[in-house]
Amino acid sequence: MSVNYFMQILKNHNLKPYTSFGVDAYASQFITVTTLSELKSALQISAPQRLILGGGSNLLFCDDFDGLVIRICLTGITVNEAAEDAVYLHVAAGENWHEFVQWTLAQGYDGLENLALIPGVVGAAPVQNIGAYGVELKDVCDYVDVLDIDTLMVRRYTPADCQFGYRDSIFKGELKDSAVITAVGIKLHKPWIAKINYGPLASLGDKTSALAIFKQVCLTRQQKLPDPNKLGNAGSFFKNPIINKTQFNAIAVLHPNILHYPAGGDIKLAAGWLIDQCALKGYQQGGAQVHTEQALVIVNTGTATAADIVALAKHIQTTVQTRFGVELQHEVRFMGRDGETSLAEVCRG
Ligand SMILES: Cc1cc2nc3c(=O)[nH]c(=O)nc-3n(C[C@H](O)[C@H](O)[C@H](O)COP(=O)(O)OP(=O)(O)OC[C@H]3O[C@@H](n4cnc5c(N)ncnc54)[C@H](O)[C@@H]3O)c2cc1C
């Protein structure tokens, strides 16, 4: 297969408009693909490394990127209503996730309402198994279509193949640099069952509708989370730590009121609560700030550099570790000059 020379490769391209943190970082090469054939061509362009970019809402570029950024803009949705038990949707990877959720509800396909207003595109949703208000992508995922970067063949992954976990999947592990998600199959079960166990949804009651849940989720999120279009951020910066019962019991002796939830046989702590207990809301490092309302979110007040965000993240991690003995892991993916990196690596220098 030959390279499609009509696709425009942009050189030394600023990534700021493509990421929700809105910090300056340049990619040595940048290309937008709108079809599978363009994607295959782009994957043959010679580059030291590649990065697949969706909506850029879960990424922090800690440095300029010495490689090819491929922005996925594949679109299209097909519907199969033939089955009795579910509606099946095949959704291209570049479709905007929230617009897709809105579209399903407008068609009368209920089931995605709890996942409203999550930024980004459909192709990124399986990567960290997006979740909110008691529902995760894995609960509605029928399959994931994946292009193998070496063979340029598309293979269909079942949910079991995807190894979904809490903010985790095979696409963050084994397949990290070798696969591009091209489409996601969604299965919306019939009859629809409301999922209202979580927080502010409980007050809606059993007779609620998917649209009412959608509106409540949007309202709550708008009240709780800063809008990245107004205040740069990448949502929850850290994951909620999951620890075993022995570790938990040791912490609970010193902090008997610690907020926690059962997580299988383990215990999940609330990262936002831990940060809040350290009185870090509003704490600022250069142009980066712990959001004044939601401690789990780091915001760009307008002038933040990646270094400011990294320094603030390190300060939060160290402060929580010192007070509670728990090491927070970042949910946001860190990109360095030569590919993915981490808070620990960036701080080592
Ligand atoms: C205000 C705000 C609120 C948020 N709330 C939530 C929430 O409630 N729940 C939640 O789970 N997340 C949340 N997030 C995080 C983020 O929106 C999700 O992780 C989202 O799925 C990222 O999508 P994206 O298109 O922006 O991905 P990007 O940031 O572009 O990419 C994220 C990762 O996925 C990889 N990737 C992207 N597309 C593909 C593809 N087609 N194939 C292979 N790899 C790919 C990238 O290489 C990168 O490593 C929030 C973020 C913000 C800013």
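May I ask you to give the average projected area over all directions of the convex hull of the Cα atoms of the chain, in nm² rounded to one decimal?
Numbers: hull surface 73.9 nm².
It is 18.5 nm².
Under 5 Å between amide hydrogens, which residues at least 5 positions from Ile52 or on another chain qualify, with H placed 1.01 Å from N in the peptide plane?
Answer set, sorted by chain and number: Ile70.
Roll a 1.4 angstrom probe over the protein heavy atoms and tell me the percent of accessible area of the chain that is carbon or sulfur.
Working: 8030 of 16260 Å².
Carbon-and-sulfur percentage of accessible area, whole number: 49.
Loop-only check: which trypsin sites (Lys or Arg not before Pro) in the stretch 186-288 are DSSP coil with at most 14 other Cβ within 10 angstrom? Mind showing how you got there, number by number?
Details: sites: Lys187, Lys195, Lys207, Lys215, Arg221, Lys224, Lys230, Lys239, Lys245, Lys268, Lys281; in loops: Lys195, Lys207, Lys230, Lys239, Lys281.
Answer in residue order: Lys207, Lys230.
Check which residues have an amide H placed less than 5 Å from Tyr283's amide H, if you skip close sequence neighbours.
Val290
Add +1 for every Lys or Arg and -1 for every Asp or Glu among the other residues with Cβ under 12 Å from the Cβ of Ala86, and state the total.
Values: positive: Lys187, Lys190; negative: Glu81, Glu84, Asp85, Asp110, Asp142.
Spelling it out: positives minus negatives among the neighbours equals -3.
Ordered by residue, what ³J(HN,Hα) values in Hz, to whole numbers, does the stretch 178-184 give under the Karplus form 6.51 cos²θ - 1.76 cosθ + 1.60, where θ = phi - 60° and Gly and Pro are x?
So the Karplus estimates, Gly and Pro as x, are 10, 9, 10, 6, 9, 7, 10 Hz.
Using amide H atoms built 1.01 Å from N in the peptide plane, name the residues 5+ places from Lys190, or on other chains, whose amide H lies under 5 Å from its own.
Under 5 Å from the amide H of Lys190 lie the amide H atoms of Ala86, Val87, each far enough along the sequence or on another chain.
Can you grab the distance from the C-alpha centre of the stretch 228-302 to the C-alpha centre of the stretch 151-212, Å, no decimals?
Spelled out, the Cα-based centre of one part sits 24 Å from the other.
Between the stretch 304-324 and the stretch 123-143, how many Å separate their Cα centres?
The stretch 304-324 and the stretch 123-143 have Cα centres spaced 28 Å from each other.
Applying the Karplus parametrisation 6.51 cos²θ - 1.76 cosθ + 1.60 with θ = phi - 60° to the phi angles of the stretch 335-349, what ³J(HN,Hα) value in whole Hz is obtained for each residue in order, glycine and proline being reported as x?
My calculation for the stretch 335-349 gives 10, x, 4, 10, x, 5, 9, 8, 4, 4, 5, 5, 6, 5, x Hz in order.
Work out the FRET efficiency for Asp66 and Thr318 from their Cβ-Cβ distance, taking R0 = 35 Å, and round it to the nearest 0.05.
Values: r = 30 Å, r/R0 = 0.85.
After rounding to 0.05, the efficiency reads 0.75.
Leaving out same-chain residues fewer than 8 places away, which lysines sit with a Cα under 23 Å from that of Lys239?
Those lysines meeting the cut-off are Lys138, Lys172, Lys176, Lys195, Lys224, Lys268, Lys281, Lys314.
Rounded to whole Å and sorted largest first, list the principal axis extents of the Cα atoms in the stretch 232-348.
Ordered largest first, the stretch 232-348 gives principal extents of 41, 31, 22 Å.
With every atom except the alpha carbons ignored, what do you get for Rg and Dmax of the stretch 5-70, in angstroms?
11.5, 32
Could you work out the pair-distance distribution P(r) of the stretch 77-224 from its alpha-carbon pairs, with 5 angstrom bin width and percents rounded to whole numbers?
Going from the shortest bin to the longest, the percentages are 2, 10, 19, 22, 20, 14, 8, 3, 1, 0, 0.
Along the charge dipole of the stretch 232-348, Cβ charges K/R +1 and D/E -1, which of Val253, Asn233, Ala307 sits furthest on the positive end?
Result: Val253.
Taking the Cα of Asn80, stepping 7 Å toward and past its beta carbon, and measuring to each backbone N in the stretch 90-119: which are under 11 Å?
Backbone N within reach: 90.
Local charge sum around Trp103 (other residues, Cβ-Cβ under 13 Å, Lys/Arg +1, Asp/Glu -1)?
Values: positive: none; negative: Glu95, Glu99, Asp110, Glu113.
Cβ neighbours under 13 Å give a net charge of -4.
The values are calculated or read from the model by the stated rules, or taken from the named source; none is laboratory data. None of the values given here were measured: they were computed from a predicted structure. Reconstructed Cβ throughout: ideal geometry from the backbone, glycine too, with neighbour counts over all protein chains shown. Note: areas computed on protein heavy atoms with side chains; ligands, DNA, RNA excluded. Shrake-Rupley method; radii C 1.70, N 1.55, O 1.52, S 1.80 Å.
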